[in-house]
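Chemist: Shown below is the structure under consideration.
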Amino acid sequence: MNKAISEGLVLMPPPFSAGLNLWSREDGLTGQGSYLAQGNAAFVPADQDFGGCLELTKTLGTMKLRCFQAIPFQPGLYLRVTAKVKAVSGPFPSVRIGAWAENVSGSNVVAAQQTGPSTLLTTYGEVVTVSAIIGSGNRQGVDMVWGLAPVLGHLGLDLTGATGGVIRIEDIVVEDATDVFLSSRFNWVDVRDYGAVGDGVTDDLAAFNAADDAAAGKIVLVSPGTYKLSTSMTFDNPVQFEGTVTMSATDRLVLRRNFDLPSYSAAFGGELAGFKRAVQALFYFTDHVELDLAGRRVELDGPIDVAALCGLTTFAERRAIRNGQLQAITSTAWNTETVTSVATYSTAQSARLTAVANVANVPVGARVSGTGVGREVYVTSKNIAAGTVELSQPLWAAAGTRTFTFDRYKYMLDFSGFSALSKFEVTNVELLNGGLSSTILLSPGGELFRVAECVINRPRDRGITSTGRGCQDLQIDSCQFISNEQAMLAQDRTTIGFNVNANDVKLRLNRSNRFAHFGVMAGAGHILLGNHFFGGDNATAGVRRAGIVFTLPNMKAFITGNYIDNSFIELSNEHDNDPDFGSEYTFGGLTITGNIFMASDVAPWFRWLVITPRGTGHALNGLMVAGNVFRAVDSAVDRIEMVDTSHATLAFNSFRNVTFENNTFNAVSQVTQSPVLVQHSQNTAADTWTVDAGAYLPFGSFARNVTGLVAEGAISNASNVTQFVAPYALVEQGAGNNLVALKWPTPVKGVMQVTLRCDNPL
């Protein structure tokens with residue numbers, strides 16, 4: 001690239017033969033003195049080495065020679081100024097290229113380097129070439145860095161050192177040397193060409209902006225160096241970082257054309273620093289809604305406080321982090337904060353602890369444990385002045401003053417600093433906790449957080465945690481949850497895959513391996529589809545834990561097409577501050593269809609469906625268990641379902657809309673059905689037939705309704721004479737209320753097909 005040709009720039013100063021009035025003995029400005037008619041200057045027309053040349057006698061300590069002609073200068077232009085000189089007589093001076101840099105207002109640009117390297121003449125008659133490169137960029141090979149301000153230059157040379165010597169100077173040559181540094185064939189522009197210094201001290205923001213403006217679609221090259229940026233910077237063109245940048249933690253570097261981890265890592269000199277800066281920029285306008293990790297691994301030495309990085313507390317536009325790996329490395333920053341404190345709980349303020357001792361030290365986001373506290377209850381906020389702590393869920397049996405423990409786990413991605421965050425996604429990322437960290441802490445508010453095609457690998461305490469309502473419409477799709485407690489007995493595990501407090505969670509096509517619980521779910525409206533979660537161990541007749549725990553009685557949920565392996569579904573009401581049944585909905589609103597239930601080497605008392613009421617008076621209203629396969633391997637189980645009566649039992653006389661049908665049972669001693677069709681054979685004539693199908697009815701429930709009576713063959717008396725009579729049914733008979741009495745007008749015998757239910761359908 002030669003701008004003298006491509007842009008018609010006139011770069012050459014006049015020859016000395018054109019007249020010494022064209023050459024200044026000062027800075028080359030209009031009105032300054034020239035060398036015309038000066039006693040120490042003469043034009044020599046026929047020097048044996050130079051032909052025509054200028055002869056000067058050095059009379060000043062620094063003697064200047066500048067052309068009055070203004071040579072144009074612009075960013076990206078590199079000029080080579082060359083002079084051939086020789087000493088003729090007298091003391092030897094030093095010679096250097098000199099210039100006067102002028103800005104648009106006609107003033108001198110003091111910051112521009114206006115002298116080149118100095119050369120001492122040592123031999124009379126020896127031709128010495130003195131040269132310097134003038135350029136806008138602080139590049140290797142540039143002797144006089146001018147930056148962006150100069151637009152014109154008065155060029156020449158200086159004689160320094162001893163006075164009295166006589167030298168001769170050939171015509172000064174100014175050439176366009178831009179093609180040495182740049183080429184029109186190159187698809188990049190260098191920030192140094194636009195004045196960037198790269199010393200880590202000088203503010204290079206203006207140079208960066210100028211280079212970006214000039215790039216016009218080309219790549220902006222940040223050549224080696226450390227560049228200080230005084231405020232936020234946005235590149236509208238692609239950027240290639242060979243050097244690094246430094247900027248305030250609150251300022252942002254936005255790469256609109258290559259918004260990816262490798263670019264940010266190069267910009268900030270490391271994967272972790274680059275990741276933090278890229279996440280920071282993600283929440284602002286970058287022309288991108290996804291941060292591409294480009295398959296790279298980022299090692300985290302502590303939690304990433306996302307809200308603190310981006311300086312926001314609410315955000316509701318789609319953003320995503322995708323395609324890479326985050327790995328926790330050993331650091332004390334992952335250590336759990338544990339605080340024990342005395343506090344008071346009242347059911348009248350069901351989501352609050354009052355009179356909390358040492359409340360200032362209770363961490364927001366901590367899990368609460370203690371007598372009467374259900375699973376996965378967290379601190380959502382605190383009021384130090386009032387001495388109160390707000391809870392994510394009520395406590396079921398903690399009324400009064402007692403001691404609570406608060407455990408604040410540390411998460412790789414911590415979104416708890418947002419008051420509300422919506423539409424955020426983590427997709428195709430492996431999160432390698434290594435037993436050091438937990439994984440994702442959701443914001444207290446917001447909706448539509450999505451985790452998809454991720455591997456949550458060996459979390460220390462929790463996989464995905466909700467401490468508030470930020471799990472509304474949470475979507476967990478096609479993820480693997482791998483426990484850090486693989487070798488432990490099931491009953492000793494403490495790690496939980498995820499929990500939710502709000503409604504409408506979609507849990508689809510995930511795989512979970514050996515957690516204490518895969519999920520603890522409050523709220524309602526959930527869909528669990530196509531997941532495989534298992535929690536077994538290698539113990540003989542081992543204990544099994546719940547894979548999914550529903551903590552509110554009416555969950556309005558579907559569990560369809562899942563593989564429930566060596567774990568069970570538990571229905572609880574442990575997040576109810578008044579767990580005795582009152583006017584609320586009772587257990588139900590649950591459809592369990594088309595699942596595989598499997599258990600291996602378990603005790604006979606193992607069950608796949610367990611209801612654990614925390615209070616009295618609860619029943620079932622709306623439970624469908626249909627089309628499932630239940631199978632035990634290397635063992636046999638008594639039945640598939642039970643009520644855990646550790647705290648209370650169910651009101652069996654209040655069951656409604658409970659259906660167990662079309663299920664398959666393998667190695668299950670007692671089938672569960674309702675409605676159940678029983679063939680009752682009465683071999684001796686009696687006016688009361690007692691039909692016993694209680695073992696079939698779910699949860700040890702009552703025989704509440706008879707919906708069908710069909711005689712198979714003739715009904716006859718003791719003499720085998722056919723009787724054309726019909727019975728009526730009495731339900732809830734016997735000590736367990738699980739028998740049906742068929743009452744006949746006369747003693748008869750025969751066979752009846754009896755259909756009975758454990759519920760009232762309406």
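The values are calculated or read from the model by the stated rules, or taken from the named source; none is laboratory data. Being a predicted model, the structure only gives us computed values, none of them experimental. We place every Cβ from the backbone using ideal geometry, glycine too, and count neighbours over all the protein chains shown.
Chemist: I need the full set of residues from segment 679-692 which are within 26 Å of residue 639 (Cβ to Cβ), touching a residue at least 60 places away in the same chain (Cβ under 8 Å) and surrounded by fewer than 18 Cβ atoms within 10 Å (Cβ to Cβ), in order please.
Modeler: Matches in segment 679-692: 679, 681.
Chemist: Does residue 703 satisfy the criteria of being buried (at least 19 other Cβ atoms within 10 Å of the Cβ), touching a helix residue (DSSP H, G or I) at 6+ places or on another chain (Cβ under 7 Å) and part of a loop (DSSP other than H, G, I, E, B)?
Modeler: The answer is yes for residue 703.
Chemist: Can you find even one residue in segment 305-326 that is in contact with a Pro (Cβ under 7 Å, 6 or more places away or on another chain), of a type outside the set (Phe, Trp, Tyr) and without any contact (Cβ under 8 Å) to a residue 40 or more places away in the chain?
Modeler: Scanning segment 305-326, I find no residue that is in contact with a Pro (Cβ under 7 Å, 6 or more places away or on another chain), of a type outside the set (Phe, Trp, Tyr) and without any contact (Cβ under 8 Å) to a residue 40 or more places away in the chain, so the answer is no.
Chemist: Restricting attention to segment 376-393, which residues are in contact with an Asp or Glu (Cβ under 9 Å, 6 or more places away or on another chain) and either among the hydroxyl-bearing types (Ser, Thr, Tyr) or surrounded by fewer than 23 Cβ atoms within 10 Å (Cβ to Cβ) (or both)?
Modeler: 380, 381, 382, 383, 392
Chemist: Quick check: is even one residue across segment 332-345 more than 30 Å from residue 299 (Cα to Cα), aliphatic (A, V, I, L, M) and in a loop (DSSP other than H, G, I, E, B)?
Modeler: Checked against the condition, which is being more than 30 Å from residue 299 (Cα to Cα), aliphatic (A, V, I, L, M) and in a loop (DSSP other than H, G, I, E, B), segment 332-345 yields no hits at all.
Chemist: Inside segment 720-740, can you point out the residues that are touching a Phe, Trp or Tyr at 6+ places or on another chain (Cβ under 7 Å) and of a type in the set (A, V, I, L, M)?
Modeler: 725 - this is the single residue of segment 720-740 that is touching a Phe, Trp or Tyr at 6+ places or on another chain (Cβ under 7 Å) and of a type in the set (A, V, I, L, M).
Chemist: Residues to consider are 579, 604; find the one that is more than 23 Å from residue 759 (Cα to Cα) and either modelled with pLDDT of 95 or more or of a type in the set (Asp, Glu) (or both).
Modeler: Going through 579, 604 in turn, the sole match is 604.
Chemist: While we're here: If you check 405, 347, 338, which single one turns out to be surrounded by fewer than 23 Cβ atoms within 10 Å (Cβ to Cβ), farther than 30 Å from residue 289 by Cβ, out of contact with any strand residue (DSSP E or B) (no Cβ under 6 Å at 6 or more places or on another chain) and in contact (Cβ under 8 Å) with a residue 40 or more places away in the chain? Steps first, please.
Modeler: Details: 405 fails: out of contact with any strand residue (DSSP E or B) (no Cβ under 6 Å at 6 or more places or on another chain); 338 fails: out of contact with any strand residue (DSSP E or B) (no Cβ under 6 Å at 6 or more places or on another chain).
Among 405, 347, 338, only 347 is surrounded by fewer than 23 Cβ atoms within 10 Å (Cβ to Cβ), farther than 30 Å from residue 289 by Cβ, out of contact with any strand residue (DSSP E or B) (no Cβ under 6 Å at 6 or more places or on another chain) and in contact (Cβ under 8 Å) with a residue 40 or more places away in the chain.
Chemist: Oh, and also: Surrounded by 14 or more Cβ atoms within 10 Å (Cβ to Cβ), more than 52 Å from the chain's Cα centre (by Cα) and hydrophobic (A, V, I, L, M, F, W, C), is that true of residue 146?
Modeler: On the way: surrounded by 14 or more Cβ atoms within 10 Å (Cβ to Cβ): yes; more than 52 Å from the chain's Cα centre (by Cα): no; hydrophobic (A, V, I, L, M, F, W, C): yes.
No.
Chemist: Which members of segment 352-377 meet the condition of being closer than 22 Å to residue 615 by Cα and in a strand (DSSP E or B)? First the steps, then the outcome.
Modeler: Just the residues of segment 352-377 that are closer than 22 Å to residue 615 by Cα, to begin with: 352-353, 368-377.
Of everything in segment 352-377, those that are closer than 22 Å to residue 615 by Cα and in a strand (DSSP E or B) turn out to be 352, 353, 368, 369, 377.
Chemist: Looking at (1) farther than 21 Å from residue 153 by Cα; (2) touching a Ser or Thr at 6+ places or on another chain (Cβ under 9 Å); (3) surrounded by fewer than 16 Cβ atoms within 10 Å (Cβ to Cβ); (4) without any contact (Cβ under 8 Å) to a residue 24 or more places away in the chain, find the lone condition where residue 41 falls short.
Modeler: So residue 41 meets the others, but not (3).
Residue by residue, here is whether (1) buried (at least 18 other Cβ atoms within 10 Å of the Cβ); (2) under 18 Å from residue 91 (Cα atoms); (3) basic (Lys, Arg) holds:
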| residue | (1), (2), (3) |
| --- | --- |
| 115 | no, no, no |
| 118 | no, yes, no |
| 136 | yes, no, no |
| 142 | yes, no, no |
| 154 | yes, no, no |
| 173 | no, no, no |
| 177 | yes, no, no |
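Chemist: Out of 557, 546, 539, 603, which single residue is aliphatic (A, V, I, L, M), touching a Phe, Trp or Tyr at 6+ places or on another chain (Cβ under 6 Å) and on the phi < 0 side of the Ramachandran plot?
Modeler: 546
Chemist: Working carefully through the options 631, 614, find the one that is crowded, with 20+ Cβ neighbours inside 10 Å and charged (D, E, K, R).
Modeler: The match here is 614.
Chemist: Quickly run through segment 655-696 and pick out the residues that are touching a Leu at 6+ places or on another chain (Cβ under 8 Å) and more than 24 Å from residue 560 (Cβ to Cβ).
Modeler: Residues satisfying the conditions are 678, 680, 688, 689, 690, 691, 692, 693, 694.
Chemist: Exactly one of (1) part of a loop (DSSP other than H, G, I, E, B); (2) touching an Asp or Glu at 6+ places or on another chain (Cβ under 8 Å) is unmet by residue 736. Its number?
Modeler: In the conditions (1) part of a loop (DSSP other than H, G, I, E, B); (2) touching an Asp or Glu at 6+ places or on another chain (Cβ under 8 Å), residue 736 misses (2) alone.
Chemist: So if I check each of 534, 550, which one is buried (at least 24 other Cβ atoms within 10 Å of the Cβ), in the same structural domain as residue 647 (by TED's automatic domain parsing) and aromatic (Phe, Trp, Tyr)?
Modeler: From the options 534, 550, the qualifying one is 550.
Chemist: Now a separate question. Within segment 630-645, which residues are within 41 Å of the chain's Cα centre (by Cα) and assigned to a loop (DSSP other than H, G, I, E, B)?
Modeler: 640, 644
Chemist: Restricting the first residue to segment 9-33 and requiring it to be over 29 Å from residue 178 (Cα atoms), which pairs with a second residue that is of a type in the set (Asp, Glu) and not in a strand (DSSP E or B) meet a Cβ separation below 9 Å and a spacing of at least six or different chains?
Modeler: 32/26; 33/26
Chemist: In the list 676, 751, 731, which residue meets the criterion of being within 25 Å of residue 638 (Cα to Cα), of a type outside the set (S, T, N, Q), in contact with a strand residue (DSSP E or B) (Cβ under 8 Å, 6 or more places away or on another chain) and surrounded by 14 or more Cβ atoms within 10 Å (Cβ to Cβ)? Give the steps one after another, and end with the answer.
Modeler: Working: 751 fails: within 25 Å of residue 638 (Cα to Cα); 731 fails: within 25 Å of residue 638 (Cα to Cα).
That would be 676, the only listed residue that is within 25 Å of residue 638 (Cα to Cα), of a type outside the set (S, T, N, Q), in contact with a strand residue (DSSP E or B) (Cβ under 8 Å, 6 or more places away or on another chain) and surrounded by 14 or more Cβ atoms within 10 Å (Cβ to Cβ).
Chemist: Starting from segment 706-726, keep only residues that are farther than 16 Å from residue 745 by Cα, then list their pairs with residues that are among the small types (Gly, Ala, Ser) whose Cβ atoms are within a distance under 8 Å, requiring at least 6 positions of separation or different chains.
Modeler: 706/729; 712/750; 713/750
Chemist: For segment 454-480, what are the residues that are among the hydrophobic types (A, V, I, L, M, F, W, C) and crowded, with 24+ Cβ neighbours inside 10 Å?
Modeler: If the condition is that a residue be among the hydrophobic types (A, V, I, L, M, F, W, C) and crowded, with 24+ Cβ neighbours inside 10 Å, then 454, 456, 464, 471, 474, 476, 479 are the ones that fit.
Chemist: Also: Kindly check whether there is at least one residue in segment 3-15 that is acidic (Asp, Glu) and either touching a helix residue (DSSP H, G or I) at 6+ places or on another chain (Cβ under 9 Å) or surrounded by 13 or more Cβ atoms within 10 Å (Cβ to Cβ) (or both).
Modeler: No: segment 3-15 contains no residue that is acidic (Asp, Glu) and either touching a helix residue (DSSP H, G or I) at 6+ places or on another chain (Cβ under 9 Å) or surrounded by 13 or more Cβ atoms within 10 Å (Cβ to Cβ) (or both).
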